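Here's the structure we're looking at; comments come further down.
The values are calculated or read from the model by the stated rules, or taken from the named source; none is laboratory data. Being a predicted model, the structure only gives us computed values, none of them experimental. Counting neighbours? That spans all protein chains shown, and the Cβs are built from the backbone with ideal geometry, glycine included. Note: accessible area is taken over every heavy atom of the protein model, side chains too, but ligands, DNA and RNA are not part of it. Shrake-Rupley method; radii C 1.70, N 1.55, O 1.52, S 1.80 Å.
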Amino acid sequence: MRRRTPPPPAPLPQRDGVDPVRVRLPRDGAWATVREHLVERLTGAGPGVVEGMFDTGLIVGADGRPVAPGAPYEPGMFVWFHRELPPEVPVPFPVEVVYRDAHIVVADKPHFLATTPRGSHVAQTALARLRHELGIPTLSAAHRLDRLTAGLVLFTVRPEERGAYQSLFADRLVRKEYEAIAPHDPALRLPRTVRSRIVKERGVQAAREVEGEPNAETYVELAAHRERLARYRLLPATGQTHQLRVHLNTLGVPILGDPLYPEVTGPVPPGDFRRPLQLLARRLAFTDPVTGAEHAFVSGRVLRAWSSYDTWAGGEQP
């Protein structure tokens, strides 16, 4: 099997912590020019946008020089450009750095901030912010947290070491602890381990449980309770999409502020940060695969429905 030649390094710098778009021209095609191919390929950019980018020299080749509007099509050629970022409402909470060395950065992510660029969230992500604020353009995420979940996220500094840290999560070598605020049910027998099969279909907001061999496992423990509220300690053994949210909902105690479980509600308007999902990635612990150091990190965040339920329920901006 012929190995694919790795792409050359990007000739354009990041912009606000966001990488330029890289496009490789297909090996097969009947396009006469690079411009003709990109106009056909990037239809979502809008009429005249790609042509205008060529005219103003915004599309460049591996040497960093603008690709001429009439440049002939070259199969396998790489080109780069910065896309026009979608308008984003700034998330008005800081990303706190818990730990930093030459290999990793551990950050305490706020609610409402995506971990990495995706869809309409690009510059307003923890990764883009940290790259810009820390001046580390090579920073990458070793795993992800849901946009609505707050807490600890591990980032890697050196691209050649990223795989080693990602393998920690794939091989279940990271000890993760979450905290959730949800209704208290005196009849619910805890602690217990919940196992089920969870599927998440593309284009469908909520995940669901189906019959079959379990692929999701969560240990659930009651940490404290008062009146109708409880604070739950969650230890996931697996990392399925929305796993903790699905499992607490299955137990009849859906997490406060969840817009998907037990039922999908209307989308929260941009800029509405009043009732964050009460789920927090509280603790991360692992043996560093590069240095051998034993790491244990704890989030400094407090779930507001527990510290001040009336403030959270009243929808006061934090």
**Message:** If I filter region 265-274 down to residues being exposed (fewer than 12 other Cβ atoms within 10 Å of the Cβ) and under 29 Å from Glu209 (Cβ atoms), which single residue comes out as nearest to the chain's Cα centre (by Cα)?
**Reply:** Pro267
**Message:** Scan region 71-82 and tell me whether some residue there is without any contact (Cβ under 8 Å) to a residue 40 or more places away in the chain and open to solvent by less than 80 Å² (accessible area, probe 1.4 Å).
**Reply:** yes
**Message:** Being aliphatic (A, V, I, L, M), more than 25 Å from Val89 (Cβ to Cβ) and modelled with pLDDT of 95 or more is the filter here; which residues of region 137-178 pass it?
**Reply:** Ala142, Leu154, Val157, Ala164, Leu168, Leu173, Val174
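Answer yes or no as to whether Gly52 is open to solvent by less than 40 Å² (accessible area, probe 1.4 Å) and more than 30 Å from the chain's Cα centre (by Cα).
On the way: open to solvent by less than 40 Å² (accessible area, probe 1.4 Å): yes; more than 30 Å from the chain's Cα centre (by Cα): yes.
Here the answer is yes, as Gly52 does meet what is asked.
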**Request:** Could you tell me which of the residues Val106, Val98 is touching a Phe, Trp or Tyr at 6+ places or on another chain (Cβ under 8 Å) and open to solvent by 40 Å² or more (accessible area, probe 1.4 Å)?
**Result:** Val98
**Request:** Filter region 245-254 down to the residues that are out of contact with any Ser or Thr (no Cβ under 6 Å at 6 or more places or on another chain) and not polar (S, T, N, Q), then identify the one that is surrounded by the fewest Cβ atoms within 10 Å (Cβ to Cβ).
**Result:** Gly252
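For Val264, state whether it is out of contact with any helix residue (DSSP H, G or I) (no Cβ under 9 Å at 6 or more places or on another chain), among the β-branched types (Val, Ile, Thr) and modelled with pLDDT of 95 or more.
Values: out of contact with any helix residue (DSSP H, G or I) (no Cβ under 9 Å at 6 or more places or on another chain): yes; among the β-branched types (Val, Ile, Thr): yes; modelled with pLDDT of 95 or more: no.
In short, no.
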**Request:** List every residue pair whose Cβ atoms sit under 9 Å apart, with the two residues 6 or more apart in sequence or on different chains, where the first one lies in region 30-44 and is aromatic (Phe, Trp, Tyr) and the second, anywhere, is open to solvent by 60 Å² or more (accessible area, probe 1.4 Å).
**Result:** Trp31/Glu40
**Complete set of residues in region 226-241 that are within 20 Å of Ala305 (Cα to Cα) and at pLDDT 95 or above** = Leu229, Ala230, Arg231, Tyr232, Arg233, Leu234
**Prompt:** Is there a residue being under 17 Å from Ala281 (Cα atoms), open to solvent by 20 Å² or more (accessible area, probe 1.4 Å) and out of contact with any His (no Cβ under 8 Å at 6 or more places or on another chain) anywhere in region 195-208?
**Reply:** no
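Restricting attention to region 156-172, report how many residues are touching a strand residue (DSSP E or B) at 6+ places or on another chain (Cβ under 6 Å) and either exposed (fewer than 12 other Cβ atoms within 10 Å of the Cβ) or farther than 18 Å from Ala296 by Cα (or both).
Here is the first cut: in region 156-172, the ones touching a strand residue (DSSP E or B) at 6+ places or on another chain (Cβ under 6 Å) are 156, 162, 165, 168.
Now narrow it down to the ones that are either exposed (fewer than 12 other Cβ atoms within 10 Å of the Cβ) or farther than 18 Å from Ala296 by Cα (or both): 162.
Final tally of qualifying residues: 1.
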